Amino acid sequence: MAKRMHNPRAAKIHRSYTVDQIATLYKTTKSTVRNWIKKGLKICNNHKPILIHGADLNQFHTENRQKHKRPCNDNEIYCMRCRAPRKISYGMVEFEQLNEKTGNLKSICPECSTIMFKRINFQKLQLIAHEIGLQHTEYQ
C-alpha cells in the first residue's frame, strides 16, 4: 500500500495533542503515531500521557513531505511508473496547446516506455525546444 501524505497544517499550532488525539486527527492508528515519534517527531516531555505540540506535528509533516519531493529540471518529466524524473528523449516529444499561455508536453520514458506528461508555459518551452528536439510547435 502506498504511503499517505498527511496535511501538514491539520493540527492547531497552539495546542498539545495526545497520541490518541493525533491518531483520530489523521485517521491512522496509535502505532503509526508512535512510529512517527521514533522517526523524529518531538514530544513535550517523557511523562505519560505523551504530549506533542501542534506546531511540532505540523513541522514534522512538512519536512516529511519535502523529503519525498522529486523536482524536475526543465528538460525532465516525472515518470509515474519509475517514480523518478527522466530526461525527455530527443525527438520523442509532442506538444499539445491548452490555451494561449500553457500546454502539455507528452513523451515516452526511456527506461520503462510509459507515456509521461508535463504542463509547461510557452516561455520555458521556447528555451528548451532545441534541447528536446521539438519539431512542430503551435505556440505564439
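The values are calculated or read from the model by the stated rules, or taken from the named source; none is laboratory data. Just so it is clear, the structure is predicted and the values come from calculations on it, not from any experiment. With ideal geometry, Cβ positions are generated from the backbone for all residues, glycine too; neighbour counts draw on all protein chains shown. Areas reflect the complete protein model, heavy atoms only, side chains present, ligands, DNA and RNA absent. Shrake-Rupley method; radii C 1.70, N 1.55, O 1.52, S 1.80 Å.
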If I take R0 = 25 Å and measure r between the Cβ atoms of ILE13 and CYS72 in this structure, what FRET efficiency does the formula 1/(1 + (r/R0)^6) give, to the nearest 0.05? 0.20
With a 10 Å radius around each residue's Cβ, average the other Cβ atoms per peptide and rank 20-26, 103-109, 34-40, highest first. 103-109, 20-26, 34-40
Considering only protein heavy atoms and a probe of 1.4 Å, how much of the accessible area of the stretch 1-74 is carbon and sulfur, as a whole percent? 51
Mind giving me the nanometre distance, one decimal, between the label points for GLU131 and ILE115, set 7 Å out from Cα along Cα→Cβ? 2.5
What is the mean projected area of the alpha carbon convex hull for the chain, to one decimal in square nanometres? 11.3
Reachable lysines, given that their alpha-carbon falls under 18 Å from the alpha-carbon of LYS12 and they are not under 8 places away in the same chain: LYS27, LYS42
On a 0 to 90 degree scale, rounded to 10, what angle separates helix 54-67 from the longest Cα axis of the chain? 30
Dipole magnitude of the stretch 33-140, debye to nearest 20 (Cβ charges: Lys/Arg +1, Asp/Glu -1, about Cα centre): 900
With angles folded into 0 to 90 degrees, how steeply does helix 122-132 sit against the dominant principal axis of the chain? Use alpha carbons for both and round to 10. 70
Heavy-atom accessible area per residue - the stretch 11-91, 1.4 Å, Å²: 70
For the chain, take the longest principal axis of its alpha carbons; what is the angle in degrees between that and the long axis of helix 30-39, to the nearest 10 within 0 to 90? 70
Of the heavy-atom accessible surface of the stretch 78-127 (probe 1.4 angstrom), what whole percent is carbon and sulfur? 49
Please give every one of the lysines within straight-line cross-link reach of LYS106, meaning a C-alpha to C-alpha distance under 28 Å, and leave out same-chain neighbours fewer than 8 residues apart. LYS3, LYS67, LYS69, LYS87, LYS118, LYS124
Given a cut-off of under 8 Å on Cα pairs at least six residues apart, what relative contact order in percent is computed for the stretch 1-52? 34
